[in-house]
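The values are calculated or read from the model by the stated rules, or taken from the named source; none is laboratory data. In this text, all values refer to a predicted model and were calculated from it rather than measured experimentally. FYI the Cβ positions are ideal-geometry reconstructions off the backbone, even for glycines, and counts take in every protein chain you see.
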Amino acid sequence: MPFKITSADFSEGETIPKKFTCEGSDVSPELSWSGLPDGTKGLALICEDPDAPMGTFIHWVVYDIPAGTTTFERGIKLAGGIRTGTTGFGKTGYGGPCPPKGHGTHRYFFILRALNTETLGLPQGAAKTEVEKAMKGKVLGETKIMGTYKR
């Protein structure tokens, strides 16, 4: 079975419902994954918008996810050693799509990486760049789902 991430809330390439954006409740969508590569001990998830006017904008950074985790429920409150990094909004946790009004359709990539380690050894609030640096040489596989949104 291939390593795959899906969402019950939007399909690949489809519009992310308003509920999961800054114009709605701004809660994270449901995400599920399967087919972890052999040797997976941990996971890391990054959600980013490469279409932001000032360059790629980070909406969610999650790391030290146990390999036994297969789903993030809608609006999940992460605990149990799972850490969240700092987003482009300057806070930890999920920050939904919120492109500038009139800027057109933006793409939001939820990128999940399988790792050969349980922890990246980073404190709560690490930046995406720190998480990516800590993952170097530890990634066993990657999968992603992309949704769109415009205001």
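Structure values in brief
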quantity: Qualifying residue in region 116-127 (condition: surrounded by 21 or more Cβ atoms within 10 Å (Cβ to Cβ) and within 15 Å of the chain's Cα centre (by Cα)); calculated: yes
quantity: Qualifying residue in region 62-78 (condition: among the aliphatic types (A, V, I, L, M), under 12 Å from the mean Cα position of the chain (by Cα) and at pLDDT 95 or above); calculated: yes
quantity: Residue satisfying condition, being at negative phi and out of contact with any Asp or Glu (no Cβ under 9 Å at 6 or more places or on another chain), within set 105, 92; calculated: 92
quantity: Matching option when the condition is surrounded by 18 or more Cβ atoms within 10 Å (Cβ to Cβ), outside any strand (DSSP E or B) and among the hydroxyl-bearing types (Ser, Thr, Tyr), among 94, 63; calculated: 94
quantity: Long-range neighbours under 8 Å by Cβ, at least six apart or interchain, first residue closer than 22 Å to residue 76 by Cα within region 30-41, second among the acidic types (Asp, Glu); calculated: 30/9; 30/73; 41/118
quantity: Test: residue in region 90-101 that is touching a Cys at 6+ places or on another chain (Cβ under 6 Å) and either of a type in the set (A, V, I, L, M) or touching a residue at least 12 places away in the same chain (Cβ under 8 Å) (or both); calculated: yes
quantity: Test: residue in region 75-88 that is free of Cβ contacts under 8 Å to residues at least 40 places away in the same chain, buried (at least 20 other Cβ atoms within 10 Å of the Cβ), assigned to a loop (DSSP other than H, G, I, E, B) and among the hydroxyl-bearing types (Ser, Thr, Tyr); calculated: yes
quantity: Meets criteria (at pLDDT 95 or above, assigned to a loop (DSSP other than H, G, I, E, B), more than 23 Å from residue 78 (Cα to Cα) and not small (Gly, Ala, Ser)) for residue 99; calculated: yes
quantity: Scope region 124-142; condition part of a helix (DSSP H, G or I) and in contact with a Gly (Cβ under 9 Å, 6 or more places away or on another chain); matching residues; calculated: 128, 130, 131, 134
quantity: Search result, residues across region 43-60 that are within 22 Å of residue 101 (Cα to Cα) and surrounded by 15 or more Cβ atoms within 10 Å (Cβ to Cβ); calculated: 47, 48, 49, 51, 52, 57, 58, 59, 60
quantity: Residues within region 1-15 that are in a strand (DSSP E or B) and either among the acidic types (Asp, Glu) or within 13 Å of the chain's Cα centre (by Cα) (or both), tallied; calculated: 2
quantity: Residue selected from region 16-58 under the condition among the hydroxyl-bearing types (Ser, Thr, Tyr) and in a strand (DSSP E or B), by the criterion nearest to the chain's Cα centre (by Cα); calculated: 32
quantity: Which numbered condition residue 134 misses (of (1) under 16 Å from the mean Cα position of the chain (by Cα); (2) buried (at least 18 other Cβ atoms within 10 Å of the Cβ)); calculated: (1)
